[in-house]
Structures are given as structure tokens and as C-alpha cells.
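The values are calculated or read from the model by the stated rules, or taken from the named source; none is laboratory data. Small disclaimer: the values here were computed from a predicted structure and weren't measured. All Cβ positions, glycine included, derive from the backbone under ideal geometry; neighbour counts span all protein chains shown.
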Amino acid sequence: MFILGLTGPLASGKTTVSKMFKEAGASVLSADKLVHELQQSHYPYAASIAAHTKKDVLDEQGNIDRTKLGEALIKNPESLKIVEDILHPPLRSLIKERISHITSEKHDFLIVLEVPLMFKSGMNELCDKVASCICLDETRHQRALERSSMSEEKWQFLNSKQRSNVEFQELADCLINTDGSMEETSKKVTKIIQKVQTLPAHAWEEKWQKIPG
């Protein structure tokens with residue numbers, strides 16, 4: 001089981017590329033989706049985030065309201081580290097749980113672990129290799145503002161917390177440029193899959209298994 005980390009700056013095409021990997025037969029785990037799960041009221045982290053940020057960031061059911069949380073973080077950027085410190089440890093445990101389930105139930109050759117904060121969180125050290133989506137900043141800006149939940153103010157805040165394309169190029173093992181057509185991007189994904197099939201996999205047995213939980 002080869003674990004390929006997938007990362008890249010905001011609106012660089014990670015979701016689209018993840019779908020391409022999934023269509024090719026890989027199992028895909030999205031850290032964003034798992035974080036959203038951890039922010040539900042049946043976990044203790046939503047209440048903890050609300051308490052530590054001292055802001056009204058919960059909805060009527062006690063779940064994290066991501067719009068409210070985003071607004072609170074823009075007003076108080078120091079709170080971002082608090083939120084990350086609360087969520088990153090259980091996120092690792094939840095990812096481990098899901099990988100364990102995949103390895104016991106299926107026989108996929110590849111798990112793609114999509115993590116926007118791959119290098120900041122240290123998740124890259126738990127992957128066999130890391131691929132990064134990159135594209136022009138103008139392209140990312142345009143794509144981001146097409147999202148209904150995005151404003152120029154939010155874009156400026158989130159983008160200021162991002163690594164540059166140059167840093168992603170330096171840190172990743174391979175790159176997926178998404179400035180071209182969908183067909184061109186798909187061909188790049190296919191080449192990576194073909195390459196992965198020739199590489200040894202160590203991450204699950206040697207690294208993830210050592211994580212508690």
C-alpha cells in the first residue's frame with residue numbers, strides 16, 4: 001500500500017486532482033473532510049475550539065460553523081494556531097483509523113492523502129512520496145473567488161498563510177501543474193500512478209503504525 005501525499009496552495013486544483021486519482025482506482029482521504037467531521041458536536045473539539053477562541057463559532061447543534069470560524073480567525077489570526085493544535089493530533093489518529101480500514105477491507109495499490117497543510121503539519125513525513133498541485137497565482141485567485149464561501153478579504157487572509165509555489169516545488173517530490181486543460185492534468189496524474197507502481201511502499205508499516213490511537 002503506497003501512501004501518496006497530495007498538497008498545494010489554496011485553489012491549486014487539489015480536489016479535481018484527487019477525483020482523478022479516485023477514478024483511476026486509488027483510495028482518497030481528504031484531511032479537510034476529516035477535519036469537518038472532527039468539528040461536529042459528537043466530538044469534543046468543537047466545544048474546545050469555541051472555548052479557546054472565545055468566539056461564537058458554533059451553530060445551533062453545537063457543530064463548528066465554518067463561516068463563523070473563518071470570520072473569527074480573520075479578526076484574530078493568533079487563534080489559528082490554537083485551532084490547529086486542537087485538531088492536528090486527533091486528525092492523525094482519524095487518518096490512521098481510515099487507512100487501517102482501507103487496508104483491511106480493500107486491496108488498492110494506492111492511498112492518496114490530500115492535506116493542504118502537508119508540510120506545516122508534518123504529514124509529509126508519514127507519506128511515501130508527496131505530490132503538489134501548482135498553478136499561477138492569478139489562476140488560484142480567480143478560482144477561489146468563484147467559490148460562494150470566498151470573499152476578497154478571506155482570500156487575502158488565507159493566501160497570506162500559504163507557502164509560495166516555489167516552496168511547494170522545493171518540498172514536494174513531484175509536481176502537478178493545473179494551469180492546463182483537464183486532459184493535460186489527467187495525463188500527469190496517470191504518469192504519477194505509473195511511477196508509483198514501480199516504487200517500494202514503507203509509510204503505513206513503518207510510520208503510521210507507530211501513531212497511538
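Restricting to the stretch 165-178, name every residue that is in contact (Cβ under 8 Å) with a residue 12 or more places away in the chain and farther than 13 Å from Pro9 by Cβ.
Correct list: Asp173, Cys174.
Please specify each residue of the stretch 105-126 satisfying the condition of being more than 11 Å from the chain's Cα centre (by Cα) and under 15 Å from Ala26 (Cα atoms).
Hits for the stretch 105-126 are Glu105, Lys106, His107, Asp108, Phe109, Leu110, Ile111.
Of the residues Ile86, Ile74, Ile102, only one is more than 15 Å from Leu10 (Cα to Cα) and under 17 Å from the mean Cα position of the chain (by Cα); which?
Details: Ile74 fails: under 17 Å from the mean Cα position of the chain (by Cα); Ile102 fails: under 17 Å from the mean Cα position of the chain (by Cα).
The unique qualifying residue is Ile86.
Listed residues Gln197, Gln162; which is in contact (Cβ under 8 Å) with a residue 60 or more places away in the chain, farther than 26 Å from His88 by Cβ and either in contact with a His (Cβ under 7 Å, 6 or more places away or on another chain) or not assigned by TED's automatic domain parsing to the domain that holds Lys81 (or both)? If you could, list the steps in order and put the result at the bottom.
Details: Gln162 fails: farther than 26 Å from His88 by Cβ.
Every option except Gln197 fails the conditions.
If Gln156 meets every condition in (1) under 20 Å from the mean Cα position of the chain (by Cα); (2) part of a loop (DSSP other than H, G, I, E, B) apart from one, which number is that one?
Of everything listed in (1) under 20 Å from the mean Cα position of the chain (by Cα); (2) part of a loop (DSSP other than H, G, I, E, B), Gln156 misses just condition (2).
Give the stretch 125-149 a look and list any residue that's part of a helix (DSSP H, G or I), out of contact with any helix residue (DSSP H, G or I) (no Cβ under 6 Å at 6 or more places or on another chain) and under 13 Å from Ser12 (Cα atoms), or say none.
Asp137, Glu138, Thr139, Arg140, His141, Gln142, Arg143, Leu145
Within 15 Å of the chain's Cα centre (by Cα), at negative phi and among the basic types (Lys, Arg): is that true of Arg92 in this structure?
Details: within 15 Å of the chain's Cα centre (by Cα): yes; at negative phi: yes; among the basic types (Lys, Arg): yes.
Here the answer is yes, as Arg92 does meet what is asked.
Given the criterion in the same structural domain as Ser121 (by TED's automatic domain parsing) and over 21 Å from the mean Cα position of the chain (by Cα), identify the matching residue among Lys191, Lys210.
Values: Lys210 fails: in the same structural domain as Ser121 (by TED's automatic domain parsing).
Exactly one residue qualifies, and that residue is Lys191.
Residues Ile111, Ile99, Ile86, Ile95: which one is among the β-branched types (Val, Ile, Thr), assigned to a strand (DSSP E or B) and in contact with a helix residue (DSSP H, G or I) (Cβ under 7 Å, 6 or more places away or on another chain)? Write out each step before concluding.
Values: Ile99 fails: assigned to a strand (DSSP E or B); Ile86 fails: assigned to a strand (DSSP E or B); Ile95 fails: assigned to a strand (DSSP E or B).
Selected residue: Ile111, the only one of Ile111, Ile99, Ile86, Ile95 that is among the β-branched types (Val, Ile, Thr), assigned to a strand (DSSP E or B) and in contact with a helix residue (DSSP H, G or I) (Cβ under 7 Å, 6 or more places away or on another chain).
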